[in-house]
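The structure appears below as structure tokens.
The values are calculated or read from the model by the stated rules, or taken from the named source; none is laboratory data. A quick note: this is a predicted structure, and the numbers were derived from the prediction, not measured. Here the Cβ positions follow ideal geometry from the backbone for every residue, glycine too, while neighbour counts run over all protein chains shown.
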Amino acid sequence: MDLNRFNIVVIGAGALGGAVLSKLIQAGPASIKIVDGDVVTAKNSVNQPLFTKKDADGFVNKADAIVSKFSSTSSVRLVSEPFYVGEERIDSVIEGVDIVIDTTDNNETRLVINDACVRKRIPLAIASVRANNGLLYIVDGNNACFNCIYRNGKKVDSSGCASVTAQRAQTVGVKAVDAVVNFLMYRTECPFTNVNADTGSTLETYIKKDSNCETCQKHIHLDRAGGGFIQICGEGIKFSLQKKIDLKRIAVAFPSAVYMQDGRLLRMDSGSRSVLISDEGDFLFSGYDIEGAKTFISSVLS
Ligand SMILES: [Zn+2]
């Protein structure tokens with residue numbers, strides 16, 4: 001395999017993203033950009049082979065953790081983008097790459113990524129796994145885009161960010177990398193493929209573009225005025241401002257706040273609730289409900 005002329009972005013460095021990255025780094029592309037705003041939790045450090053207890057204890061960002069794990073032993077240029085990707089940031093993240101691999105776990109983010117890839121004519125590989133249901137698909141410009149599929153009711157797995165076993169992530173991750181390599185090297189099409197993550201058996205469906213698709217047919221792209229989204233996940237609520245934030249200003253208003261990660265994270269605890277804020281503008285709430293999180297965000301931003 002001679003992948004070393006290709007530059008790749010992997011969005012999402014969770015269980016599946018980690019499995020994809022382990023295999024992809026071995027395959028040896030020129031560069032891989034890894035995008036994730038999440039920090040490693042104690043649970044991740046047990047379930048996911050790329051993360052350690054030290055990562056969890058230190059609130060290390062997942063993309064940073066993977067880059068530092070491989071950077072001394074791999075010739076692949078690895079770049080960490082330690083933030084959640086949304087409308088404001090997607091264009092710069094995917095600029096100039098040969099393929100985008102989306103391993104995120106929610107349809108809203110997938111639509112944002114799909115929109116940008118269609119607009120910029122960059123192939124998009126989508127991989128997901130929930131329980132033992134895996135999915136692989138490459139949007140290549142000739143077949144249905146993700147919005148074509150989504151608007152016809154195929155919501156792709158993500159009714160919550162259920163954590164997945166390392167074994168199932170591995171099974172789907174390896175197949176995803178094989179599909180990406182075959183696509184890049186030989187332009188081999190990757191149809192919509194359901195993967196049984198326990199047995200590895202697959203079922204392929206060829207899906208044509210929907211002539212009414214807003215994204216690839218009518219070219220009505222997402223409202224780019226955006227600026228933040230809220231996502232409820234297994235381990236809390238996430239919110240992204242989609243831009244850098246001045247942590248010092250916030251720390252002044254919260255005397256109990258503690259800096260971590262060389263000042264790149266601010267942590268605030270009160271009773272059983274805590275908030276982590278990164279200098280990339282990402283918020284991670286635990287013990288909060290949506291209203292509480294919204295109130296907190298508006299108090300910080302006012
Ligand atoms: Zn479409």
Checklist outcome for this item: All-but-one check, residue 56 against (1) out of contact with any Asp or Glu (no Cβ under 7 Å at 6 or more places or on another chain); (2) modelled with pLDDT of 95 or more, failing number (2)
Checklist entry - Just to be sure, is residue 243 more than 23 Å from the chain's Cα centre (by Cα), of a type in the set (Lys, Arg) and exposed (fewer than 15 other Cβ atoms within 10 Å of the Cβ)? => result no
Checklist entry - Within the bounds of the range 108-118, is there any residue that is of a type in the set (S, T, N, Q) and either within 11 Å of the chain's Cα centre (by Cα) or farther than 17 Å from residue 7 by Cβ (or both)? => result yes
Next on the checklist: So, residue 256, is that one modelled with pLDDT of 85 or more, within 11 Å of the ligand (Cβ to nearest atom) and among the hydroxyl-bearing types (Ser, Thr, Tyr) or not?
Outcome noted: no
Next on the checklist: Looking at the structure I just gave you, is residue 232 out of contact with any Pro (no Cβ under 6 Å at 6 or more places or on another chain), modelled with pLDDT of 85 or more and either closer than 29 Å to residue 141 by Cβ or surrounded by 12 or more Cβ atoms within 10 Å (Cβ to Cβ) (or both)?
Outcome noted: no
Checklist outcome for this item: Among 98, 102, the single one that is surrounded by 18 or more Cβ atoms within 10 Å (Cβ to Cβ), among the acidic types (Asp, Glu), in the same structural domain as residue 183 (by TED's automatic domain parsing) and within 16 Å of the ligand (Cβ to nearest atom) is 102
Checklist entry - assigned by TED's automatic domain parsing to the domain that holds residue 172, assigned to a strand (DSSP E or B) and closer than 21 Å to residue 166 by Cβ, is that true of residue 66? => result no
Next on the checklist: Whether any residue in the range 44-56 is crowded, with 20+ Cβ neighbours inside 10 Å, in contact with a Lys or Arg (Cβ under 7 Å, 6 or more places away or on another chain) and hydroxyl-bearing (Ser, Thr, Tyr) is what I want to check.
Outcome noted: no
Checklist entry - Going through the range 23-58 one residue at a time, which ones are charged (D, E, K, R), over 30 Å from residue 185 (Cα atoms) and outside any loop (DSSP other than H, G, I, E, B)? => result 43, 53, 54, 55, 57
